[in-house]
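> Let me give you the structure first, and then I'll get to my questions.
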Amino acid sequence: VMSLPLSAYAMSSAEAEAQYLKAKNLLARGYSEGYALMKQAAEAGSTNAMCRWGEANEDLYITGSRDEMAYWYQKAKEKGAACGYIHTLGGNSVGEYVNGDHDSGDEFIKKFTPLAENGDADAMIALSIFYGQRREKGKEEEMIRLAAEAGVPRSMDELGEAILRGSYGFYLFDENRQKEGLAWVQRSAALGYVRGLGFLERYYIEHGDA
């Protein structure tokens, strides 16, 4: 994969993350100028921005170059970011493009399992995605539960929705499944998680609950 030069962009780490958040907010509101700010934040060293900029090129082909996408994922991985590892793992088209073959994931597991065991929520989320890609349902559920219990809104919602679908857990009575699954989604919504709020709205309309 070709290397693309970083532009000289003088920002501190804190400034780069602030730029990333500004860009993310603009994009969430539908303003396309957020992409330029996202690339600047990536160039300044924000690994969150590196992955988001890579995703933008993967999904939207903003630059028309898969090399741009692959470069930023690899850069994020080199800086130790979980999102960089996830995107460059073998077994998915991006990983194969970056690496040219299938990565067993051993390096990923070795790096992030100890972090998850020490309470790192980002590592838990990364491992849940990894095991989901590998269709290792038990380990995927374990990591999502750990992240939810650690207070991550995204994981609370994912866990709750999965329980409600019947994907996770064993319940003798369906009402118990509904109660626990809904409780997790409600917790995510209480923390302002947009997907959880949307799910609850649809759930209450369908079930007639206020």
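The values are calculated or read from the model by the stated rules, or taken from the named source; none is laboratory data. Since the structure is predicted, the reported quantities are computational estimates derived from the model, not experimental observations. Please note that ligands, DNA and RNA were not included when accessible areas were found on the heavy atoms of the full protein model with its side chains. Shrake-Rupley method; radii C 1.70, N 1.55, O 1.52, S 1.80 Å.
> From the phi of every residue in the stretch 80-88, what ³J(HN,Hα) in whole Hz does the Karplus formula 6.51 cos²θ - 1.76 cosθ + 1.60 yield, where θ is phi - 60° and glycine or proline is x?
x, 7, 4, 5, x, 5, 4, 5, 9
> While we're on this one: The stretch 114-207: D in µm²/s via Stokes-Einstein (Kirkwood Rh, Cα pairs, 37 °C, 0.692 mPa s)?
245 µm²/s
> Which entries in the list Lys77/Lys139; Lys39/Lys75; Lys77/Lys111; Lys77/Lys137; Lys39/Lys111 go over 20 Å, if you measure between the two C-alpha atoms of each?
Lys77/Lys139; Lys77/Lys137; Lys39/Lys111
> With only alpha-carbon atoms counted, please give the Rg and Dmax of the stretch 162-210, in Å.
10.9, 31
> For Ala81, list long-range residues whose amide hydrogen, built 1.01 Å from N in the peptide plane, is under 5 Å from its own amide hydrogen.
none
> Over the heavy atoms of Asp106, what accessible area does a 1.4 Å probe trace out, to the nearest 10 Å²?
The accessible area comes out at roughly 100 Å².
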